[in-house]
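Structure, as structure tokens:
The values are calculated or read from the model by the stated rules, or taken from the named source; none is laboratory data. As the structure is a prediction and not an experimental result, all values here were calculated from the model. Positions of Cβ are backbone-derived with ideal geometry, glycine not excepted, and every protein chain shown enters the neighbour counts.
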Amino acid sequence: MMLIALSITVAYAYSSVIVFIGNGKLFYWELATLIDVMLLGHWIEMKSVMGASRTIEDLAKLLPSEAHRRLANGKTEDVKIDELKKGDRVLVKPGEKIPVDGIVIEGVSSVNEALISGESLPVTKLQDDKVIGGAVENNSEHPVAKGIVDEAEGIWNVINFNSIPGKGAEGKVNGNDVKVVSPGYLHNMNANFNNNHINELLNKGRTVIFVLINNQAAGAIALADIIRREAREAITQ
């Protein structure tokens, strides 16, 4: 830049002197061309810088404002992104955006990185895999599972979670292999869960799912749809 400024100054001074002396070549045209080229280059550079700045701002908008930080006792607390420190463990719930770049400590899931990398297909993430802040944790939260969790008196940490397509889910809780499965799963396993109370619930049209601990029947959960107030009006219409 200093060399260009010196060139412009020398060319202008030389041409001005030639105007009064009247003997020599003028460089006003070359000088104007050089200045135009410099201004055009500067404009292109600033446009690129502004475009990059807007891109960074857009990427920042992809990040959530808060994260679920895992505490030493296994519970979580919601904190601002800028409060996170290197080494913190963060819980990402189904459907949420990953708050920061990091490494998977436990669990298996698929992640939608389309907004970051342009890749349209979900990417499976295993333990020790890297994840990108702003990507979406792709496993959708099942409404039935959410309802059960909301009604539970206590919640325990689950590791090695795995979905059993069309049948339920499984994971390890407090060192035990726990499965929450449909009657179809028990039927396929030739397992019998005969109980008068359960049979009564089934006869009433309830949906019953079963809890297995270390492949032993441990309990059952009955589900039922609640009829909304709007249903009567909708049927009448």
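Worth a mention:
- Residues in segment 1-28 that are polar (S, T, N, Q) and either assigned to a helix (DSSP H, G or I) or at pLDDT 80 or above (or both): S7, T9, S15, S16.
Yes or no, residue by residue, for (1) β-branched (V, I, T); (2) touching a Leu at 6+ places or on another chain (Cβ under 7 Å); (3) closer than 29 Å to K125 by Cβ:
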| site | (1), (2), (3) |
| --- | --- |
| V158 | yes, no, yes |
| N162 | no, no, yes |
| N174 | no, no, yes |
| M189 | no, no, no |
| N195 | no, no, no |
| Q216 | no, no, no |
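- Qualifying residue in segment 87-95 (condition: farther than 23 Å from V123 by Cβ and either loosely packed, with under 10 Cβ neighbours inside 10 Å or of a type outside the set (D, E) (or both)): yes
- Criterion violated by T33 - all others in (1) more than 30 Å from F161 (Cβ to Cβ); (2) under 19 Å from the mean Cα position of the chain (by Cα); (3) polar (S, T, N, Q) satisfied: (2)
- Output for segment 84-98, where each listed residue is within 13 Å of P64 (Cα to Cα), at pLDDT 90 or above and in a loop (DSSP other than H, G, I, E, B): L84
- Here E57 does not fit the description of being outside the structural domain of I159 (by TED's automatic domain parsing), assigned to a helix (DSSP H, G or I) and surrounded by 13 or more Cβ atoms within 10 Å (Cβ to Cβ).
- Of the residues making up segment 111-130, one or more are in contact with an Asp or Glu (Cβ under 9 Å, 6 or more places away or on another chain), surrounded by fewer than 10 Cβ atoms within 10 Å (Cβ to Cβ) and touching a residue at least 24 places away in the same chain (Cβ under 8 Å).
- Of the residues making up segment 156-178, those that are within 24 Å of the chain's Cα centre (by Cα), in a loop (DSSP other than H, G, I, E, B) and either surrounded by 10 or more Cβ atoms within 10 Å (Cβ to Cβ) or aromatic (F, W, Y) (or both) are W156, N157.
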